[in-house]
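I have placed the structure first, in the form of structure tokens, so that the comments after it can refer back to it.
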Amino acid sequence: MKIKLLALPAAGALLAFGAAACTGGSDDTAQLDAWAKKLCGTAGAPYARSQDAQADLGRVRQGESPDDLRKRLSADMAAQAQAARQIAAALDGAGAPKADGGAQLQQQVLRGLRDAAAGFGQVQQKVDSLPTDDQARFADGLRSVKDQIQQPAQLYGSAVRRLQAGKTGESIARQPGCLAPAGGSAPAQAPSGSPAASPSSAAPQG
């Protein structure tokens with residue numbers, strides 16, 4: 001089957017610098033760098049896994065059955081939810097950054113990540129309930145998933161974007177591989193009509 005899955009807004013691109021910063025200019029660079037190092041010690045790996053899951057969401061596998069597609073999409077949603085929870089736990093463990101408004105920034109990001117994790121979990125439940133024995137209902141369900149996934153994806157991107165703004169973002173950027181923007185590209189857009197599942201294209205093959 002040929003189904004163009006939803007490509008989540010590219011998290012790396014959403015983390016580009018230049019967003020409205022919540023931090024001021026009175027922070028101590030050494031303290032911020034120490035905070036960023038602690039954060040990145042545990043946040044880097046789940047962030048990388050979230051990027052892998054995101055990339056898989058946009059992948060088309062020729063001849064993939066509806067059952068296999070549903071399992072893969074569900075696994076990707078689970079990975080996104082887990083990554084958001086783990087990054088939130090890393091930020092909670094690192095504490096508030098030593099910057100003006102640092103405590104407020106931490107709480108805003110934590111709330112966004114936790115809400116995103118809950119949202120991805122709800123989408124996963126929706127995916128798991130898709131009826132793969134009815135091609136028309138399966139196609140309609142995939143379109144519904146496309147709409148529902150936008151909110152947690154935006155929450156996730158917005159939350160991490162806050163960390164990448166201002167002085168905190170500069171300190172994070174000095175930590176190799178941690179929440180790094182992916183290639184500096186523009187945010188990816190969901191392909192037109194994605195998931196592009198018509199009743200015929202969503203039919204099991206063979």
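The values are calculated or read from the model by the stated rules, or taken from the named source; none is laboratory data. All values derive from a computational prediction rather than experimental measurement. Don't worry about glycine lacking a Cβ; one is built from the backbone with ideal geometry, like all the others, and counts go over all protein chains shown. Just so you know, the surface numbers come from the protein's heavy atoms only, side chains and all, with ligands and any DNA or RNA stripped out. Shrake-Rupley method; radii C 1.70, N 1.55, O 1.52, S 1.80 Å.
Can you say whether residue 115 is surrounded by fewer than 19 Cβ atoms within 10 Å (Cβ to Cβ) and at pLDDT 90 or above, as far as the supplied structure shows? Criteria met by residue 115.
Of all residues assigned to region 170-177, none qualifies as being closer than 17 Å to residue 49 by Cβ, modelled with pLDDT under 90 and touching a Phe, Trp or Tyr at 6+ places or on another chain (Cβ under 7 Å).
Does residue 159 qualify as being buried (at least 22 other Cβ atoms within 10 Å of the Cβ) and part of a helix (DSSP H, G or I)? Write out each step before concluding.
Working: buried (at least 22 other Cβ atoms within 10 Å of the Cβ): yes; part of a helix (DSSP H, G or I): yes.
For residue 159, the condition - buried (at least 22 other Cβ atoms within 10 Å of the Cβ) and part of a helix (DSSP H, G or I) - is met.
Answer yes or no as to whether residue 175 is open to solvent by less than 30 Å² (accessible area, probe 1.4 Å) and within 30 Å of residue 100 (Cα to Cα). Here the answer is no, as residue 175 does not meet what is asked.
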